[in-house]
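*Asks:* The following block contains the structure, expressed as structure tokens.
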Amino acid sequence: MISPTARAIFLMLLGLPLMIGVALLRPDLWTLSAGWIALVGGLIVLDAMIGPALRAFEADIDAPPILYAGDRDPLPVTFRFIRGALPARLEVQLETNDLLEDIPTRGLRGWEGNERRYEFTLTPLRRGTAKLVRLWCRWHGPLGLAQKRYTRDLDTEIIVTPNIRWVKDEAVRLFSRDAEFGIKT
């Protein structure tokens, strides 16, 4: 979805005194008001056209199969533009159900080629089935007048179990004491 930014709305409002003055003093010059609206509208369209395209954007998510209650796990995501310009800043947010701790919006900068990798941190609050609902991404055009929003429904379910990782780690440590050098698993 493409929409104007606050900067574009402010720029349009800057012409409001001109439009009121023309309407009160010289109604025959109404084309100046229409010209201002057309100029700002044209700049918004231009910004949307030269900015990074929505169709060229992809997001790959690698969700873990299991989460452990009370522990934190990474959720790696790769953001990619297939072609065209890259935004200076990409805002991302992950929408989850109430079983996971809220994840704040992040502003990401810097690209490696045409990709940007990021890891969300998933923190389950209790056992059950956690759900990754939706991924939201937003970026602005080079003039800052148009913003593009990408949303992707994930509908990914992740099982949250009691945290038994420490039992596994302790068992490996106990069994590795007796192993000879070089034979440790």
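The values are calculated or read from the model by the stated rules, or taken from the named source; none is laboratory data. Predicted model only: the values in this text are computed from it and were never measured. Counting neighbours? That spans all protein chains shown, and the Cβs are built from the backbone with ideal geometry, glycine included. Note: accessible area is taken over every heavy atom of the protein model, side chains too, but ligands, DNA and RNA are not part of it. Shrake-Rupley method; radii C 1.70, N 1.55, O 1.52, S 1.80 Å.
*Asks:* Is it true that some residue in segment 22-39 is within 30 Å of A88 (Cβ to Cβ) and not hydrophobic (A, V, I, L, M, F, W, C)?
*Replies:* The initial filter retains those residues of segment 22-39 that are within 30 Å of A88 (Cβ to Cβ), namely 36-39.
Still in the list and also not hydrophobic (A, V, I, L, M, F, W, C): none.
No, there is no match, as no residue in segment 22-39 is within 30 Å of A88 (Cβ to Cβ) and not hydrophobic (A, V, I, L, M, F, W, C).
*Asks:* For a quick check of your reading: which strands (runs of 3 or more DSSP E) sit entirely within segment 42-139 and have at least 1 residues that are open to solvent by 10 Å² or more (accessible area, probe 1.4 Å) and among the charged types (D, E, K, R)? Spell out how you get there, then give the answer.
*Replies:* Values: elements: 57-61, 66-68, 73-81, 89-96, 106-109, 115-122.
Per the criteria, 57-61, 73-81, 89-96, 106-109, 115-122.
*Asks:* Being of a type in the set (A, V, I, L, M, F, W, C) and either part of a strand (DSSP E or B) or surrounded by fewer than 19 Cβ atoms within 10 Å (Cβ to Cβ) (or both) is the filter here, so list the residues in segment 140-149 that pass it.
*Replies:* If we filter segment 140-149 for residues that are of a type in the set (A, V, I, L, M, F, W, C), which is where we start, we get 143, 145-146.
The answer is L143, A146.
A quick yes/no check of all residues on (1) touching a Ser or Thr at 6+ places or on another chain (Cβ under 7 Å); (2) at negative phi; (3) touching a residue at least 12 places away in the same chain (Cβ under 8 Å):
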site	(1), (2), (3)
P4	no, yes, yes
M12	no, yes, yes
L16	no, yes, no
L24	no, yes, no
R55	no, yes, no
P64	no, yes, yes
G70	no, no, yes
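*Asks:* Across segment 136-161, what is the number of residues that are closer than 16 Å to A53 by Cβ and aromatic (F, W, Y)?
*Replies:* So the count comes out to 2.
*Asks:* Next question. If you take the residues of segment 154-179 that are out of contact with any strand residue (DSSP E or B) (no Cβ under 8 Å at 6 or more places or on another chain) and open to solvent by less than 50 Å² (accessible area, probe 1.4 Å), which of them is modelled with the highest pLDDT? Quick ask: steps written out before the conclusion?
*Replies:* To start, the set of residues in segment 154-179 that are out of contact with any strand residue (DSSP E or B) (no Cβ under 8 Å at 6 or more places or on another chain) comprises 166-179.
Now narrow it down to the ones that are open to solvent by less than 50 Å² (accessible area, probe 1.4 Å): 171, 176, 179.
Numbers: A171: 75, S176: 70, A179: 59.
Residue satisfying both the conditions and the ranking: A171.
*Asks:* With among the aliphatic types (A, V, I, L, M) and modelled with pLDDT of 95 or more as the only criterion, which of L90, L86, L99 stands out? Give the derivation first.
*Replies:* Numbers: L86 fails: modelled with pLDDT of 95 or more; L99 fails: modelled with pLDDT of 95 or more.
Only one candidate passes the filter, namely L90.
*Asks:* Let me ask something additional. Output the residues belonging to segment 1-41 that are closer than 18 Å to Q147 by Cα and not in a helix (DSSP H, G or I).
*Replies:* Result: M1, I2, S3, P4, T5.
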